[in-house]
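As structure tokens, the structure follows; a few thoughts come after it.
Values quoted throughout were computed directly from the atomic coordinates according to the rules given, and no laboratory measurement underlies them. Owing to the predicted nature of the structure, the values given are computational and were not obtained by experimental measurement. Using ideal geometry, Cβ is built from the backbone for each residue, glycine included, and neighbour counts are taken over all protein chains shown.
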Amino acid sequence: MTRRRAARWLCVLALPALVGCGVLERARGNWWELDRGPTGQAPDPALMPEAVVQVYAARAVSWRGVFAVHTWIAVKPSRAESYTRYEVIGWGVDRGAPAVRVNRTGPDNHWFGDRPDKLVDLRGEGVDAVIARVEAAVAAYPYPSSYRTWPGPNSNTFTAWVGREVPELRLKLPPTAIGKDYLPNGDVVGRTPSGTGVQLSLFGLGGLAIGWEDGIELNVLTLTFGVDFKRPALKLPLVGRLGAS
């Protein structure tokens, strides 16, 4: 066996151990005590009268964060004094709480210790019309009272739905957004979350996506493997993107 082949096998064998360590480390932390304060990424409404739409992604709570991110959308119409944050949360849904939550916290806050990445940032002229379409998409979300961590519908299913309904967002969800490929109503063919590509999906458990903004993505049991050509990078489970940010 060559050294190169041995190194490859070592990496393959080490991956489960690294994942296991990550799961144990995140699971034993008191996640409910972690930072949930603002990060300063959303402009102050008092200083920014123009309309704003932003989409964020942060590592999920506890052990789930090893595998997946949680995503949400924040909007501020022109001259509005505050933001409206839309997201799907599973806590309490089994006891009758709605899955879609509004203004649970601020637009850009830490998600239990994790600083979110900003995926979309639209401002200024024409954004009020985008906000109207976002709000219509939120109202039409087909799973307002349902939540399932895997394979969906979950928080990333919701954000991907809005992206498909509002292609002006050009939303490119990270490979760690598990649930993004769960198409509504059992559809097998649909647009990618960016609205610029086409994807095939079997209940979110497997499929293929191709698009200029999305690159090529292969979904294997909700884990994404792919290549981004527009901003050269590999897309991998657990780690996300490797390459241009």
Which number comes out as Rg/Rh for the chain once both Rg and the Kirkwood Rh are worked out on C-alpha atoms? 0.98
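Thinking of segment 121-237 as a set of Cα atoms, what percent of all their pairs are more than 17 Å apart? Could you put the intermediate results ahead of the total?
Details: 3511 of 6786 pairs.
Percent of Cα pairs beyond 17 Å in segment 121-237: 52.
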What do you get for Rg/Rh over segment 34-167 if you use C-alpha atoms and the Kirkwood form of Rh? 0.96
So, by mean Cβ neighbours within 10 angstrom, what's the order for 151-158, 74-81, 183-190 with the highest one leading? 151-158, 74-81, 183-190
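Note down the relative contact order for the chain as a percent, whole number, built from C-alpha pairs under 8 angstrom at least six residues apart. Intermediate results must be reported in sequence, preceding the final value.
Values: 539 pairs, mean separation 34.8, N = 245.
So the answer I get is 14 percent.
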Taking only DSSP H segments of four or more residues, each worth -39500 (n - 2.57), what value at 222 nm results for the chain once the sum is divided by all its residues, to the nearest 500 deg cm²/dmol? -6500 deg cm²/dmol
